[in-house]
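All remarks here apply to the structure that follows.
The values are calculated or read from the model by the stated rules, or taken from the named source; none is laboratory data. Bear in mind the structure is a predicted one, so any value in this text is a computation, not a measurement. Here Cβ is always computed from backbone atoms with ideal geometry, including for glycine, and neighbour counts include all displayed protein chains.
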Amino acid sequence: MLEIVSFTLGPVQTNAYLVADSDSKEAVVIDPAWDGHLILKTAQERGWRIGHLWYTHAHFDHIGGAAAIADALNPLPLVALHPQDHVLWRAGGGGSTFGFDIDPGPEPTIDFYQGQILHLGSVEFEVRFTPGHTKGHCVLYVQKQNICFCGDVIFAGSVGRTDFPGGDFETLKKSIYEQIFTLPDETVLLSGHGPSTTVGEERIENPFVGENAE
């Protein structure tokens, strides 16, 4: 069974997700946004072993807690990121632009790619490539749980910014139409910022890409 603990952390209120398979006690942190010690403490209290860090993309507010988590673990967690965001990761996620000099933590060693299947215990995660917010943005879809960890590609009533380097609005829209709106309507979208929503709700109501969009 999949268990999810969500955190809202850091200077721009970024959602981080501690996700575990309750049978094996294996855990992954999806977008370890900030304050890694808080995420680590929760995992330890529950007896979960963090073996992986998975990044939907490499902006500083999604990786800012990685170093604190990794420094406390032996062996180091394996880090997964799409190759097209490696340059952004090496630049500290662009944090210096906003006055944040972060330690990005361990170097990514697993390259995300479209259609890749990742396992956490018995739970399967499907990687979907969704550029537009960044060049290498990906989402993680868990079909059996009707959940998609969608980073900053789409939010409740909004979409990811495209005015940062590597962003492109037409590319973002294409990603949403082809990789998000093709999921079942009941799929819960766990975004990088703000509350959860569903594919069906955003397909109709989202003012940028929904059916009622201008």
Original post:
Within the stretch 160-213, which residues are hydrophobic (A, V, I, L, M, F, W, C), under 22 Å from residue 87 (Cβ atoms) and in contact with a Leu (Cβ under 7 Å, 6 or more places away or on another chain)?
Top reply: none
**OP:** Count, please, the residues in the stretch 82-101 that happen to be surrounded by 19 or more Cβ atoms within 10 Å (Cβ to Cβ), among the hydrophobic types (A, V, I, L, M, F, W, C) and out of contact with any Ser or Thr (no Cβ under 7 Å at 6 or more places or on another chain).
**Re:** 1
Original post:
Out of 21, 35, which single residue is modelled with pLDDT of 95 or more, of a type in the set (Asp, Glu) and within 20 Å of residue 151 (Cβ to Cβ)?
Top reply: 35
Original post:
Could you count how many residues in the stretch 32-48 are outside any helix (DSSP H, G or I) and in contact with a strand residue (DSSP E or B) (Cβ under 6 Å, 6 or more places away or on another chain)?
Top reply: 5
Original post:
Filtering the stretch 153-209 down to residues that are part of a loop (DSSP other than H, G, I, E, B) and without any contact (Cβ under 8 Å) to a residue 12 or more places away in the chain, which residue is surrounded by the most Cβ atoms within 10 Å (Cβ to Cβ)?
Top reply: 182
